[in-house]
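One structure below.
The values are calculated or read from the model by the stated rules, or taken from the named source; none is laboratory data. Small disclaimer: the values here were computed from a predicted structure and weren't measured. Cβ sites come from the backbone with ideal geometry, for glycine too, and all protein chains shown count toward neighbours. The protein model used for the area step is the full one, side chains on, heavy atoms only, and it has no ligands, DNA or RNA in it. Shrake-Rupley method; radii C 1.70, N 1.55, O 1.52, S 1.80 Å.
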Amino acid sequence: MKAMLPTGDISNAVEFGEAPEPEPRDDEAVVAVEAYSVNRGETFRLEDPRRRWLPGKDIAGTVVRAAADGSGPAEGTRVVAHPASAGWAERVGVPVHSLAALPDRVDCTTAAALPLAGLTALRLLRAAGPVAGRRVLLTGASGGVGHYLTELASGSGAQITAVSASEERGVRLLELGAAEVVTDVEKATGPFDIVLESVGGASLPAGLARLAPEGLLVWFGQASRTAVTLNFFDFFKTAVGGSIRHFDYTRSDRSYGDDLAVLVRLVATGRLHPEIGLRQDWSHTAAAITALRDRRIRGNAVLVTS
């Protein structure tokens, strides 16, 4: 079957090639991929040509072979899925606990933008705890996770201050429910009950300095790819009794499938709006990766296989 394979050259990161057909385990369904989304984490991994890894964690399509053990959706069911890898292909095997059925009113292109960013946002909101009436600072807000999180948290009653380096992209965050958008974390006026930090570098210490006493800072990324240096005594200046929590979206007591079903329901009922900044044929995947890496796309890049 056709698949997008890494080239080892980040300037043209992937190209069409031949890959073996999926050999599913008994608890895996084979999905014919109709659309997939590129996430920034995958663009980082593609920079290392030594890794024997096939990209593709965010897909939507149709089940063409149901799981042999009888679990999961039947053949012909449209699904959104979060496989471990190899989704940028005509077909991919997916554990049934990592997929969810799609209603007719949610198309595959929209659904493909949900998995990694949507799962991260939903699980971050759980990690933050009750947010109704609380002040929340969100850094790196103009990416896919930031859009979902802004809409989910504001819909739950949070007062969101979103940090977006671009004023233009900040307009959409206001439309999604942010109370305020600033272009630099240093411009945010605290204190904040919760800080959701994804940039790293100087951003995390600046967020910590704006944390309220007994507040919570959740560290869920380092998009700047710059290491963080913290001074222990900064806690005594503002965030007395505060906590820093590391977040990993893969760690949860709920399956990907369960949470994907939640996200699909929110989209279907008009309470969550995936942001698709680029929608093209999958032959343009390499160009989409470059545009995403260079931050020339607002929202998700979705590639359509047919």
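Table for the structure above
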{"item": "Candidates Ala291, Ala81, Ala117: whichever shows maximal mean-square fluctuation once the chain is modelled as a Gaussian network with Cα springs under 10 Å", "result": "Ala291"}
{"item": "Where segment 1-157 is the region considered: accessible area per residue in Å², 1.4 Å probe", "result": "39"}
{"item": "DSSP-assigned coil residues among trypsin sites (Lys or Arg not before Pro) in segment 131-239, each with at most 16 further Cβ atoms within 10 Å", "result": "Arg225, Lys237"}
{"item": "Surface share of carbon and sulfur [accessible, 1.4 angstrom probe, percent] for segment 241-306", "result": "41"}
{"item": "Residues of type lysines that Lys187 reaches as a straight line, Cα spacing below 29 Å, ignoring anything fewer than 8 places off in the same chain", "result": "Lys237"}
{"item": "Cross-link reach list, lysines versus Lys57, counting only Cα pairs under 19 Å and skipping chain neighbours closer than eight places", "result": "Lys2"}
{"item": "Cα Rg, Dmax, segment 82-219, angstrom units", "result": "16.4, 52"}
{"item": "Approximate spin-label separation Ala179-Phe236, in nm, with each point projected 7 Å along Cα-to-Cβ", "result": "3.1"}
{"item": "Counting DSSP beta bridges with both ends in the chain, the antiparallel % (nearest 5)", "result": "55"}
{"item": "Given charges at Cβ of Lys, Arg, Asp, Glu: segment 1-151 dipole, positive-most of Pro95, Val80, Phe44", "result": "Phe44"}
